[in-house]
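Report on the structure given below.
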Amino acid sequence: MRRPDTLDDAVALVRASGLVDAADLRRFLDLYARTGLGAGPTDSRLSPSGVLALMVEEGLLTRFQSAEIGAGRPHLWVGPYRVLDELGRGGMGRVFLATSPAGGLVAVKVLSAGLRDSDDARARFRQEARAAAAVAHPGVVRLIAAEPEHDPPFLVMEYVDGVSLQAAVARHGTFSAAEAAAVGAGVAAALAPVAAVGLVHRDIKPANVLLARAGGVKVLDLGVARFESDPLSRRFDEVVVVGTVDYLAPEQAEDSSAVGPAADQYGLGATLYFLLAGHPPFPDPDLGRKLALKSDADPAPLTALRPDVPGELAAVVAKLMARRPADRYPTPAAAAAALAPWADAGPHFPARLFHAAAGDDRPGPATAIGADPSPTPPPPTRRIVRPAAPRPVCPPAPPPVADEAGATTLRVAPRPGWWVRWLGRGRG
């Protein structure tokens with residue numbers, strides 16, 4: 001559809017969207033007709049963008065819905081789920097905040113339009129649903145429903161009111177040693193049931209770990225996870241490297257189809273390094289040199305970058321990032337136990353991450369590495385007069401979670417030559 005040119009066009013698109021109850025829309029139009037909506041052709045509120053902005057102020061639409069309708073895209077439903085906002089996007093698709101038919105908030109991941117004709121992409125989407133369904137743990141985002149054959153294919157997951165580790169460092173700076181250890185122990189505990197069902201996540205990184213406002217960590221995005229005996233992964237991943245360059249294990253760059261749970265330990269160690277240092281273990285901008293360093297060198301010692309980090313904790317992080325898988329911890333549970341002695345984040349964590357990013361509560365300086373791509377606008381006011389038994393309207397968009405923001409996938413062809421393909425945004 002084309003963008004609305006007139007007030008009537010905008011109202012027609014709102015009606016076509018099915019987002020606003022007909023009675024609410026009629027009350028809105030009647031109210032503003034009586035209070036100056038039709039005062040004159042120069043009134044800015046008569047423009048399509050003006051009337052859509054007024055609907056946001058009255059709580060009839062979210063800002064995301066208003067922007068999409070203003071761009072001529074009024075189809076904001078995924079199956080029975082009503083889209084409220086965009087939470088993030090990556091190589092495989094977009095993630096939206098939506099309301100379920102029962103009225104609760106959910107996260108809906110939709111396969112990208114450009115991949116819907118790809119058999120491999122659809123197979124990976126089905127595999128993500130299978131992987132998510134196989135794990136039931138409070139530290140892993142829960143799958144609610146999967147519709148891989150729907151047009152478009154989509155997954156429905158629990159919505160977590162929280163912030164990603166990537167965004168947390170961008171806004172508030174590096175973590176204290178105790179905070180990082182607490183996060184690491186939580187992620188390791190969540191990886192234990194993942195490994196127990198034969199899964200390897202393969203993309204543990206700051207953008208894929210959420211800190212819930214209510215406390216606790218949530219591991220998300222099983223889009224590149226594989227079962228160790230899965231034939232699809234072995235067929236496809238023998239010729240590509242799957243993962244995010246800064247956080248993938250050295251062996252994952254050599255053969256992504258053969259990695260085991262130890263690769264996720266490396267991702268955890270690199271994530272903890274980022275939380276404490278403010279940058280990945282090897283921040284070299286040259287991809288080839290970065291991969292070579294992963295195999296042949298150790299990152300700068302954390303104790304040199306952060307003298308306040310206990311040497312024993314720095315040693316745990318170094319062991320998680322050992323170049324040889326056999327030199328890492330034997331199980332995720334063992335890694336969690338190694339981090340436990342320092343995992344005392346204190347009474348203000350994670351609450352401090354949901355306050356203004358200023359003050360004396362941050363252990364280190366913020367960095368540009370963890371840039372948050374989608375700040376959420378302030379919630380709309382609600383001035384319209386509702387009937388005695390009000391009908392629920394769209395809630396304001398909560399803080400972003402950046403679940404797939406900055407996702408980067410390095411794909412490397414087998415020798416003798418190699419090529420790189422980026423999926424997603426940024427160079428996470």
task: Starting from the Cα gyration tensor of region 77-160, take the square roots of the eigenvalues, sort them a ≥ b ≥ c, and report rounded, prolate or oblate (rounded when a/c is under 1.5, otherwise prolate if a/b is larger than b/c, else oblate).
output: oblate
- prompt: What does the highest-first list of 315-325, 260-270 look like by mean Cβ count within 10 Å?
  reply: 260-270, 315-325
Cβ-Cβ FRET estimate between Ala297 and Leu31, R0 fixed at 56 Å, reported to 0.05: 0.25
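No value in this document is a laboratory result; all are computed from the given coordinates. Everything quoted here is computed from the prediction, not taken from an experiment. All Cβ positions, even for glycine, are placed from backbone atoms using ideal geometry, and neighbour counts span all protein chains on display.
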